[in-house]
Amino acid sequence: MKDIQLENRAVTDEKTKIAANNVNVYYGDTRAIKDVNIDIKSRTVTAFIGPSGCGKSTFLRCLNRMNDTIDSCRVEGRILLDNEDIYDTKVDPVQLRAKVGMVFQKPNPFPKSIYDNVAYGPRIHGLASKKADLDGIVEDSLRKAALWDEVKDRLQAPGTGLSGGQQQRLCIARAIATSPEVLLMDEPCSALDPIATAQVEELIDGLRTNFSVVIVTHSMQQAARVSQQTAFFHLGNLVELGDTDHVFTNPTDPRTESYITGRIG
Amino acid sequence: MSVLWIFIAVLGLSLVGFFAGRTRAIASGGGDIRVLHSLPKHYGAFVSTAALLPAVIVLALWSVLSPAMINSSVASLLPTSETSADLALNDVKRIANGLDQAVAQGRISKDASYNFEGTPEEIAKQLGAVGIALGSAPDTATMDAAESYRAKAEKSRFWRGVAVLAASVFALLLALRVTDKEFRARNTVERVVKGLLILSASIAVFTTIGIVASMLFESRNFFAQYPALQFFFGTNWAPNFRGGSDLGILPLLWGTLYISFIALIFAVPIGLFAAIYMSEYAGPKLRAVAKPMIEVLAGIPTIVYGLFALVTVGPLLRDYFAQPLGFGESASSVMTAGIVMGIMLIPFVSSLSDDILNAVPQTMRDASLGLGATQSETIKQVVLPAALPGIVGAVLLAASRAIGETMIVVMGAGAAAKLSLNPFEAMTTVTVKIVSQLTGDTDFASPETLVAFALGLTLFAFTLCLNVLALYIVRKYREQYE
Ligand SMILES: Nc1ncnc2c1ncn2[C@@H]1O[C@H](COP(=O)(O)OP(=O)(O)O)[C@@H](O)[C@H]1O
Ligand SMILES: [Mg+2]
């Protein structure tokens, strides 16, 4: 792993944002996630890595209850967001998802204007009462997503007309417009070219100041570049969790070592 | 040789050709099929098509050309004037056919059938005895013509068999000759398949053109007898077969649009909501049961809906709405037909909309739900707007079906043309009037009958525009996600 360049970065000492205890996820009878325990810290980028099919997306989707939309999916165990069980019956998944935003693998802007895409969440949640406030939120989100300069003159143009990388940044802007506390990203760069990927990675690093970010990636280089914490999943198990530098240079589990040296995957 | 036997023979040849082609191809590769350009079955298919296709073409051409030629040569034997030539020729054909049948049934011998002698009356009697009823006694010229017709027809049938089989055998041998391991049988077969597909497609197109042309032709006859302006802008529909009719299309058009409008008011929301429920809320088990059940409605013949309108909905509306509210006394009404037609259209709207809603990518819903939108917000703000063009297309298609509907209108709304706003009054539509103008004793030269074609053409133009618009919108919508 010498070719992955690791910066020396401060190991975060933030407090825990999400805590998962003994989480099991089933699709029908098959167990996709097995007894996962993990702490996700605030103001930190946590990367989920692992071979495909190991359950990264499944686990990520538990964190904002997107798995509720899959009929066959069943989640056991406790997941606490700020010490509150998100699977408790009194928690409304709709409100939860406003707090825990999500960016998907494929850019999926609505077939609406750029402005309406970003304003979608704020409008739903009534975050802005005046047009000026909404304009402010839209501009702010687009700036945070490093897209403002490229689209400020054509906010009314359809979001689907942007390039792939721009679309993905638009989706990020749309997700952060609702000012979530946690941002979940499922392989956000897998459909992007290297330049767009670099832009999005830079953006993710910037997001850390405001949000707790969880990113699923199949690229170890990407995990090394953007994250402070790395979790390695294998066949539904959380094999290793630790500071990114540590996981990549000194993995404790042999499976992790095999994966990052390219022997499994 | 009858057509059936020719066909069987050609099919047999083609089957033989298949195996011969295969065998020859394999042999030319020395038994190793990997050295062949195409698979053995392609060579077989090639030879078999060669035996079939030219034969069918010859048969088709023969069947079209030969009767025309025989007709014209026999007609020249008849001394009749221009106007009655057709009638005389018809007599000749009837006599000829009758004699053929009589021979086939064994009533008279073949020789006797060619030598009917005697006065016209005797001949008529003899013919009557073998089952050929003639209006008037045939003169000798007619009998001679009939004889000549029969002789020519028999000759033609014989040579037809010869020509078709010769074509088949010749093409088969030719195909076998070119069959060897280098020959690109696969590509040739591919071309033949493509040709067949083109043929099918063009048949569909040409029939449409043919239908329009015949309508245009008859409509032109109508407009030659009745002023177009009065037809398109007349507000009175009062056909009178003794002449002096008022044939204004407006009351009919009004009835058509009014009934369709009510049908759509009824069908679109219900169909759409059913589709939303089916595609967005219902679980897979429920959907598996409920969707076919809704679609069963689409399989009910419209006449049954018409009965439903006549015996149930009509009296119900009259007794509980129209009479108490003082709107009218009639069980047949625009409302009755509209509601029943609406019921008929529900599955149409819902299954089309369901397809369209399902075509909205799941990622759109995920994106919206992931932002904390509820399911109904997601549907309202993302799914429906994305599907809207498609749904509009579905509604337009439903509208053109409503406009073309006849049975439900006859039984639900009656047959009285009227320009009225009252939905509880009996009215009628263009389609119903087309039927009523063409049924019964009709004279195809009077404007009262010919108006049916003008009505049909107008209706056709109307629904064509709607369909084109709908297709355009649906297509535009498809592009959105590709
Ligand atoms: N909707 C689903 N229904 C059934 N099984 C699923 C579904 N989604 C994922 N799985 C299964 O769960 C396992 C984990 O999948 P996933 O979380 O998508 O893996 P990853 O994102 O790490 O590639 C896989 O074995 C996959 O086949
Ligand atoms: Mg995945």
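The values are calculated or read from the model by the stated rules, or taken from the named source; none is laboratory data. Since the structure is predicted, the reported quantities are computational estimates derived from the model, not experimental observations. Counting neighbours? That spans all protein chains shown, and the Cβs are built from the backbone with ideal geometry, glycine included. Surface areas here come from the heavy atoms of the whole protein model, side chains and all, with no ligands, DNA or RNA. Shrake-Rupley method; radii C 1.70, N 1.55, O 1.52, S 1.80 Å.
Extending each Cα 7 Å along its Cβ direction at B:VAL468 and B:ASP111, get the distance between those two points in nm, one decimal.
A separation of 6.9 nm, rounded to one decimal place.
Report D for the range B:1-99 in µm² per second (integer): Stokes-Einstein, Kirkwood Rh on Cα pairs, 4 °C, 1.567 mPa s.
Details: Rh = 17.0 Å.
Rounded, D is 76 µm²/s.
Per residue, how large is the accessible surface of the range B:16-151? Use a 1.4 angstrom probe and give square angstrom. Please list the in-between numbers first.
Values: 7600 Å² over 136 residues.
So the range B:16-151 comes to 56 Å² accessible per residue, rounded to a whole number.
Quick query: amide H of B:LEU247 versus all other amide H atoms, modeled in the peptide plane; which residues come in under 5 Å with a sequence gap of 5 or more or a different chain?
Here the answer is B:ALA238, since their amide H atoms fall under 5 Å of that of B:LEU247.
For every other residue with a beta carbon closer than 14 angstrom to the beta carbon of A:ILE172, add +1 if it is Lys or Arg and -1 if Asp or Glu, then tell me the sum.
It works out to a net charge of -1.
Be a star and scan the range A:72-114 for residues whose amide nitrogen sits under 15 Å from the point 7 Å along the Cα-to-Cβ vector of B:ALA288.
Within reach of a label on B:ALA288: A:72.
What whole-number value in Å² describes the accessible area per residue of chain A for a 1.4 Å probe?
Working: 11490 Å² over 265 residues.
Accessible surface, normalised per residue, equals 43 Å².
Quick one: 3J(HN,Hα) in Hz for the range B:48-61, Karplus 6.51/-1.76/1.60 with θ = phi - 60°, rounded, Gly and Pro as x.
After applying 6.51 cos²θ - 1.76 cosθ + 1.60, I find 5, 5, 4, 6, 8, 5, x, 4, 5, 5, 4, 4, 5, 4 Hz.
Rounding to the nearest 20 debye, state how big the charge dipole of the range B:237-477 is about its Cα centre with +1 on each Lys and Arg Cβ and -1 on each Asp and Glu Cβ. Write out the running numbers ahead of the final one.
Values: 12 positive and 14 negative charges, 95 e Å.
That gives a dipole near 460 debye.
Lysine pairs in the range B:237-477 with Cα distance under 29 Å, only those 8 or more apart or on different chains: how many are there? Don't jump to the answer; show the numbers that get you there.
Working: B:LYS285/B:LYS380; B:LYS291/B:LYS380; B:LYS291/B:LYS476; B:LYS380/B:LYS476; B:LYS418/B:LYS433.
Total qualifying Lys-Lys pairs in the range B:237-477 comes to 5.
Read phi for every residue in the range B:159-170 and hand back ³J(HN,Hα) as whole Hz from Karplus 6.51 cos²θ - 1.76 cosθ + 1.60, θ = phi - 60°, with x for Gly and Pro.
Using θ = phi - 60°, the values come out as 5, 4, x, 4, 4, 5, 5, 4, 4, 4, 5, 4 Hz.
May I ask you to list the aspartates and glutamates whose Cα is less than 12 Å away from that of B:LYS125, ignoring any residue fewer than eight positions away on the same chain?
Reachable aspartates and glutamates: B:GLU117.
Would you rank B:LYS41, A:LYS152 by solvent-accessible area, highest first, keeping every protein chain in place and using a 1.4 Å probe?
So, going from the largest accessible area down, we get B:LYS41, A:LYS152.
A drop of at least 20 square angstrom in accessible area, chain alone versus all protein chains together, probe 1.4 Å. Which residues of the range B:354-372 meet that?
Buried-area filter returns B:THR363, B:MET364, B:ASP366, B:ALA367, B:LEU369, B:GLY370, B:LEU371, B:GLY372.
Skip the ligands, DNA and RNA, and give the accessible area per residue of the range B:237-477 with a 1.4 Å probe, whole Å². Show your work: numbers first, answer last.
Working: 10300 Å² over 241 residues.
Value returned for the range B:237-477: 43 Å² of accessible area per residue.
Roughly to the nearest percent, how much of the accessible area of the range B:3-183 is carbon and sulfur, given a 1.4 Å probe? Don't skip to the answer; put the middle values down first.
Details: 6630 of 10380 Å².
So the carbon and sulfur contribution to the accessible surface is 64 percent.
Carbon and sulfur atoms: what percent of the 1.4 Å accessible area of the range B:245-309 do they account for?
Details: 2520 of 3100 Å².
Percent of accessible area from carbon and sulfur atoms in the range B:245-309: 81.
Per residue in the range A:100-142, which ones lose no less than 30 Å² of accessible surface when going from chain alone to all protein chains (1.4 Å probe)?
Residues of the range A:100-142 that lose at least 30 Å² of accessible area once the other chains are added: A:PHE104, A:ASN108, A:PHE110, A:PRO111, A:LYS112, A:TYR120, A:ILE124.
In the range B:237-477, if the dipole is taken from +1 on Lys/Arg beta carbons and -1 on Asp/Glu beta carbons about the Cα centre, which of B:THR312, B:THR449, B:GLY404 is farthest to the positive end?
The listed residue farthest towards the positive side: B:GLY404.
Roughly how many Å is it from the Cα centre of the range B:254-322 to that of the range B:94-151, as a whole number?
The distance from the Cα centre of the range B:254-322 to that of the range B:94-151 comes to 60 Å.
Taking 41 Å as R0, compute the FRET efficiency from the Cβ-Cβ separation of A:GLN221 and B:HIS37 and round it to 0.05. The partial results should precede the final answer.
On the way: r = 49 Å, r/R0 = 1.20.
Calculated value: 0.25.
May I ask you to derive the relative contact order of chain B, considering only C-alpha pairs under 8 Å and at least 6 residues apart, and to give it as an integer percent?
Numbers: 614 pairs, mean separation 75.8, N = 482.
After rounding, I find 16 percent.
Across all directions of projection, what mean area in square nanometres is found for the Cα convex hull of the range A:1-140? Intermediate results must be reported in sequence, preceding the final value.
Numbers: hull surface 48.0 nm².
The directionally averaged projection comes out at 12.0 nm².
Any idea what the alpha-carbon Rg over 2.2 N^0.38 Å comes to for the range B:3-183? Intermediate results must be reported in sequence, preceding the final value.
Numbers: Rg = 24.0 Å, N = 181, 2.2 N^0.38 = 15.9 Å.
So the range B:3-183 has a normalised radius of gyration of 1.52.
Per 5 Å bin, what percent of the C-alpha pairs of the range B:237-477 does each bin hold, from zero upward?
Cα pair-distance distribution for the range B:237-477, in percent: 1, 7, 12, 15, 15, 14, 12, 9, 6, 4, 2, 1, 1, 0, 0.
Place a +1 charge on the Cβ of each Lys and Arg in the range B:3-183 and a -1 charge on the Cβ of each Asp and Glu, then give the dipole magnitude about the Cα centre in debye, rounded to the nearest 20.
Numbers: 16 positive and 15 negative charges, 228 e Å.
That gives the range B:3-183 a dipole magnitude of about 1100 debye.
Given A:LYS99/A:LYS144; A:LYS106/A:LYS144; A:LYS17/A:LYS112; A:LYS41/A:LYS112; B:LYS41/B:LYS194; A:LYS15/A:LYS99, which pairs have Cα atoms separated by over 26 Å? Mind dumping the intermediate values first?
On the way: A:LYS99/A:LYS144 17 Å; A:LYS106/A:LYS144 20 Å; A:LYS17/A:LYS112 33 Å; A:LYS41/A:LYS112 35 Å; B:LYS41/B:LYS194 18 Å; A:LYS15/A:LYS99 17 Å.
Exceeds cut-off: A:LYS17/A:LYS112; A:LYS41/A:LYS112.
Rounded to whole Hz and in sequence order, give me ³J(HN,Hα) for the range A:50-55 from the Karplus expression 6.51 cos²θ - 1.76 cosθ + 1.60, θ = phi - 60°, writing x for Gly and Pro.
Those phi angles translate into x, x, 6, x, 8, x Hz.
Return the loop-located GluC sites (Glu not before Pro) in the range B:121-209 (DSSP other than H, G, I, E, B) with at most 14 other Cβ atoms within 10 Å of their own Cβ; answer none if there are none.
On the way: sites: B:GLU121, B:GLU122, B:GLU147, B:GLU154, B:GLU182, B:GLU190; in loops: B:GLU182.
Answer by residue number: B:GLU182.
Using a 1.4 angstrom probe with every protein chain in place, what is the largest-first accessible-area order of B:PHE158, B:PHE232? If you can, show how the numbers build up before the last one.
Details: B:PHE158 120, B:PHE232 85 Å².
Greatest to least solvent exposure: B:PHE158, B:PHE232.
Select from B:GLY244, B:GLY29, B:SER279 the residue farthest towards the positive end of the dipole of chain B; place +1 on Cβ of Lys and Arg, -1 on Cβ of Asp and Glu, and compute about the Cα centre.
Towards the positive end, the residue furthest out is B:GLY29.
Filter the GluC sites (Glu not before Pro) in the range B:361-440 down to the DSSP loop ones having no more than 12 other Cβ atoms within 10 Å, then list what survives. Can you show the working numbers first?
Numbers: sites: B:GLU377, B:GLU405, B:GLU425; in loops: B:GLU405, B:GLU425.
In loop regions of the range B:361-440 (DSSP not H, G, I, E or B), there are no sparsely surrounded GluC sites (Glu not before Pro).
With all pairs of different alpha carbon atoms counted, what Kirkwood hydrodynamic radius in Å does chain B show?
On the way: mean 1/r = 0.0346 Å⁻¹.
That comes to 28.9 Å for chain B.
For a test of the definition: using alpha carbon positions, the gyration tensor, and the 1.5 limit on a/c, classify the protein assembly as shown as rounded, prolate or oblate.
Values: a/c = 3.40, a/b = 1.75, b/c = 1.94.
Oblate, because a/c is 1.5 or more while a/b does not exceed b/c.
Counting just the Cα atoms, what span does the range A:146-265 cover along each of its three principal axes? Round to the nearest Å and put the largest first.
52, 27, 23
Could you list which residues have their amide H under 5 Å from that of A:VAL45, counting only those 5 or more apart in sequence or on another chain, with H placed in the peptide plane?
The answer is A:VAL213, A:GLN228, A:GLN229.
Chains A and B: how much accessible area gets covered up at their contact, both sides added, probe 1.4 Å, in Å² to the nearest hundred?
Interface area, both chains combined: 1600 Å², rounded to the nearest 100.
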